[in-house]
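Chemist: Let me begin by handing over the structure; questions about it come next.
The values are calculated or read from the model by the stated rules, or taken from the named source; none is laboratory data. Note that the structure is a prediction, hence the values are computed from the model and not measured. Every residue, glycine among them, receives a Cβ derived from its backbone with ideal geometry; neighbour counts consider all protein chains shown. Side chains are part of the model used for accessible areas, which takes the heavy atoms of the whole protein and leaves out ligands, DNA and RNA. Shrake-Rupley method; radii C 1.70, N 1.55, O 1.52, S 1.80 Å.
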Amino acid sequence: VRMIMYNADGSRGQMCGNGIRCVAKYTWDHGLARSNPLRVSTDRGVLTLDLMLDSAGRVATVRVDMGEPILAPERIPVGLSGPQVIRAPLTAAGQRFSVTCVSMGNPHAVIYVPDLGGVRLAEWGPALENHALFPQRINVHFVRVVRNDYVEMVTWERGSGPTQACGTGASAVCVAGVLEDRTGRAITARLPGGELQLVWVAETGHVLMTGPAT
């Protein structure tokens, strides 16, 4: 099947990690395709999804091969030089941030904080999304590391604002945690809307995201 995704402001997003799981459930449960693994064409490319079914034969959980993260600044894109953007200093909304940038087909800025309660998402989110360093705007994630394999995060999505969850963003956080040496390659990410399991597979370089579809 083919998926096209739009943000709340009408702009087109290249990929949506939570949306693609919903597309997979709809596709299987309504009999549009009966392939498992299922292949979904997106603006990010063709992704492969493993469908885990409940006792009634309907999709309950989906594992998405999100592909390899894009780390080159010019491809994310970010207006910085160098091979990668890791802990880059950035000032926005009168605050100084340390930002690691990853693209999962769409661009993400990951910022680690000691406490999510102090995050002024409605103020910092739009200032970072529209920062001059990000020519295509950017999704912003504030992350607290609970332990090596568990993080909590909140998200400001470009074109949509604060959202309950972001699958591509959680995938980017998995990668950023390794790049910053804060977490291992396999983590659970707790978002306001629930939990996702992420693995950045060393052998293939691909990120696998597993979560529910209901």
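Chemist: Can you list residues whose amide H is under 5 Å from THR163's amide H, if they're 5+ apart or on another chain and H is modeled 1.01 Å from N?
Modeler: For THR163, whose amide H was placed from the backbone, the distant partners under 5 Å are THR155, GLU157.
Chemist: Taking amide H atoms as placed 1.01 Å from N in the peptide plane, list the residues 5 or more away in sequence, or in a different chain, whose amide H sits under 5 Å from that of PHE97.
Modeler: Counting only residues 5 or more places away or on other chains, the set is LEU90, THR91, ALA92.
Chemist: Separate question: Before rounding to the nearest 500, sum -39500 (n - 2.57) across all DSSP H runs of length at least 4 in the chain and divide by the residue total; then give [θ] at 222 nm in deg cm²/dmol.
Modeler: Values: 3 runs with 35 residues, N = 214.
Estimated from H runs of four or more residues: -5000 deg cm²/dmol.
Chemist: Between HIS30, VAL175, GLY79, whose Cα lies farthest towards the positive end of the dipole of the chain when Lys and Arg beta carbons carry +1 and Asp and Glu beta carbons carry -1, centred on the Cα centre?
Modeler: Towards the positive end, the residue furthest out is HIS30.
Chemist: Give a residue-ordered list of calculated ³J(HN,Hα) values for the stretch 146-155 (Karplus: 6.51 cos²θ - 1.76 cosθ + 1.60, θ = phi - 60°; whole Hz; x for Gly, Pro).
Modeler: After applying 6.51 cos²θ - 1.76 cosθ + 1.60, I find 7, 7, 4, 10, 8, 10, 10, 8, 10, 10 Hz.
Chemist: Name the residues whose placed amide hydrogens come within less than 5 Å of the amide hydrogen of ALA213, ignoring near sequence neighbours (fewer than 5 apart) on the same chain.
Modeler: Correct list: THR61, VAL62.
Chemist: Please give the per residue accessible area of the chain, computed with a probe of 1.4 Å over protein heavy atoms only, in Å². It would help to have the intermediate numbers written out before the result.
Modeler: Values: 9410 Å² over 214 residues.
Accessible area per residue: 44 Å².
Chemist: Contact order normalised by length for the stretch 82-203, with contacts defined as Cα pairs under 8 Å and 6 or more residues apart; what percent is it? Write out the running numbers ahead of the final one.
Modeler: Details: 249 pairs, mean separation 24.9, N = 122.
About 20 percent, as a whole number.
Chemist: Give me the percent of the accessible area of the chain that comes from carbon and sulfur atoms, probe 1.4 Å, all protein chains in place.
Modeler: Accessible surface attributable to carbon and sulfur in the chain totals 50 percent.
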